[in-house]
Amino acid sequence: MSLILGIESSCDETAAAVVKDGTQVLSNIVASQDALHQEYGGVVPEIASRAHLERILPVILQAIRKANISIDEIDCIAVGNRPGLIGSLLVGVAAAKSLAWSLGKPLVAVDHVLAHLWAPLLSGETPHYPALGIVVSGGHTSILLLDDPSTATCIGKTIDDAAGEAFDKAASILEMGWPGGRFIDEAAQTGTSIYQLPRPKLKNNKSDFSFSGLKTALLYGVRGNPQRKNGKTVFPNSAASLTLEEKNNWSASFQEAVVDTILRGLSYALSQTGCKNLIAGGGVLANSRLREQLKSVANDKNLQLHVPEVTYCVDNAAMIAGLGWHLFSTSQFADLELTASPRGIAS
Ligand code: KG4
Ligand code: ZN
């Protein structure tokens, strides 16, 4: 039996968790910074790293307490050290190294994107490898070929915005709040996909994605074509003049275009690799339409599909501790020279 303490600070969630043998979550504490970044409509790196610094130790202590263990019982410390905002990652890495050194415990370094693909195992899923992995989050939209949970090759990714980022920008165009993916999801439930939005086709690698044109099409659809007036770009309309029904229909149309785009890249990767095991993860997997459509693709193509439960889709440290357990069990240790990196396996 092994207990792993996971630490996550790659973006704007300060998180710590204790996981037993890679899959049994004893505690999962997430301190969200949404309220701090809301007024800027996006994560401000400097605010994020300072907030991590204030919260990291209380969050770790809470995770230990909630797990009902003493810190000495931890067998290994796992930290997400890549990819992410460098100032944010450094806070988690420094805390993990200090704990590993002071407690005399081993340390493992976890790729955040791969950790998203461990998330389904936290709810009892048991994927077989090799598998195709798809991570759809605020920072990534990537397709990976996994030989095992920690060995992967990235075979497709977004060439501009990530899908979650596109959802957030769409919600901001529709004046729905930030981070807005879940608001679009909610509004789309009562809307109908009646507006024509593009499904970008990429020539070079059909497993790559692009979402920025879609976002611009939504912007022009909602606000009308921009005009130059007195040296400024102005739009004839704004989201404020939309009825609730129109907002819901725009949400449904946008969501449908994002989901279609994701599924098209994924279907191409599946056809190229012939892979029958599919693992999905990342914040956008909380989206009800994406979950539904992925299940339908899996049924049609006879795939073994593994999707996390909604709690483990968005950033958390249980997935870091889970993949950390795999690294610990296979002796893939880090040392105290460990650094943070803005780039990872998929970026
Ligand atoms: O995985 P995550 O917590 O952070 C990154 O690693 O980037 O993903 C956060 C993203 C945000 O863009 C958020 O709007 C999106 O996941 N998201 C959703 C939903 N819930 C969260 N997007 C669409 N529908 C949802 N229900
Ligand atoms: Zn993430």
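Say we look at the range 125-147 and pick out the residues that are within 16 Å of ligand 1 (Cβ to nearest atom) and among the hydroxyl-bearing types (Ser, Thr, Tyr); which of these is nearest to the chain's Cα centre (by Cα)?
It comes out as Ser137.
The single condition from (1) farther than 18 Å from Trp250 by Cβ; (2) part of a loop (DSSP other than H, G, I, E, B); (3) small (Gly, Ala, Ser) that Gly177 fails is (1). On the stretch given as the range 156-173, residues that are surrounded by fewer than 20 Cβ atoms within 10 Å (Cβ to Cβ) and either among the β-branched types (Val, Ile, Thr) or over 17 Å from the mean Cα position of the chain (by Cα) (or both) total 2. In this structure, is Ser267 in the same structural domain as Pro179 (by TED's automatic domain parsing) and more than 17 Å from Leu145 (Cβ to Cβ)? Judged against the criteria, Ser267 is not a match.
Scanning the range 99-117 for residues that are open to solvent by less than 10 Å² (accessible area, probe 1.4 Å), away from ligand 2 (no atom under 14 Å from the Cβ) and in a helix (DSSP H, G or I) yields one hit, Ala100. Of the residues in the range 334-344, none is β-branched (Val, Ile, Thr) and either under 14 Å from the mean Cα position of the chain (by Cα) or farther than 24 Å from Val91 by Cα (or both). Filter the range 201-237 down to residues that are touching a residue at least 60 places away in the same chain (Cβ under 8 Å) and open to solvent by less than 40 Å² (accessible area, probe 1.4 Å), then give me how many there are. Of the residues in that region, 3 qualify.
Where residues in the range 283-304 are within 16 Å of ligand 2 (Cβ to nearest atom) and not polar (S, T, N, Q), which of them is nearest to Val259 (Cα to Cα)? Of everything passing the filter in the range 283-304, Leu290 is nearest to Val259 (Cα to Cα).
Quick grid of which residues meet (1) modelled with pLDDT of 95 or more; (2) open to solvent by 40 Å² or more (accessible area, probe 1.4 Å); (3) over 15 Å from Gly344 (Cα atoms):
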residue	(1), (2), (3)
Ala119	yes, no, yes
Glu125	yes, yes, yes
Leu144	yes, no, no
Asp148	yes, yes, yes
Arg182	yes, yes, yes
Glu186	yes, yes, yes
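Here Lys215 clears all of (1) more than 21 Å from Thr141 (Cα to Cα); (2) part of a helix (DSSP H, G or I); (3) not acidic (Asp, Glu) except the condition numbered (1). Restrict the check to the range 45-59 and report whether at least one residue is open to solvent by 40 Å² or more (accessible area, probe 1.4 Å) and either polar (S, T, N, Q) or closer than 16 Å to Ala334 by Cβ (or both). No. Meeting the requirement of 2 or more residues that are within 12 Å of ligand 1 (Cβ to nearest atom), the strands (runs of 3 or more DSSP E) wholly within the range 1-44 are 13-20, 24-32. A Cβ distance below 6 Å, combined with a sequence gap of six or more or placement on separate chains, defines the contacts here; from the range 77-98, residues that are assigned to a strand (DSSP E or B) reach residues that are polar (S, T, N, Q) in the pairs Gly80/Ser10; Arg82/Ser341. In the set Tyr129, Tyr195, only one residue is open to solvent by 50 Å² or more (accessible area, probe 1.4 Å), assigned to a loop (DSSP other than H, G, I, E, B) and touching a Gly at 6+ places or on another chain (Cβ under 8 Å); that residue is Tyr195. Gln33 fulfils the conditions (1) surrounded by fewer than 23 Cβ atoms within 10 Å (Cβ to Cβ); (2) in contact (Cβ under 8 Å) with a residue 60 or more places away in the chain; (3) within 16 Å of ligand 2 (Cβ to nearest atom) except for a single criterion, (2).
Per-residue answers, yes or no, for (1) of a type in the set (A, V, I, L, M); (2) away from ligand 1 (no atom under 14 Å from the Cβ):
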site: Thr243; (1), (2): no, yes
site: Ala252; (1), (2): yes, no
site: Asp260; (1), (2): no, yes
site: Gly281; (1), (2): no, no
site: Gly344; (1), (2): no, no
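The values are calculated or read from the model by the stated rules, or taken from the named source; none is laboratory data. What you are looking at is a predicted structure, and each value in this text was computed from that prediction instead of being measured. We place every Cβ from the backbone using ideal geometry, glycine too, and count neighbours over all the protein chains shown. Surface accessibility is based on the protein's heavy atoms, side chains included, excluding ligands, DNA and RNA. Shrake-Rupley method; radii C 1.70, N 1.55, O 1.52, S 1.80 Å.
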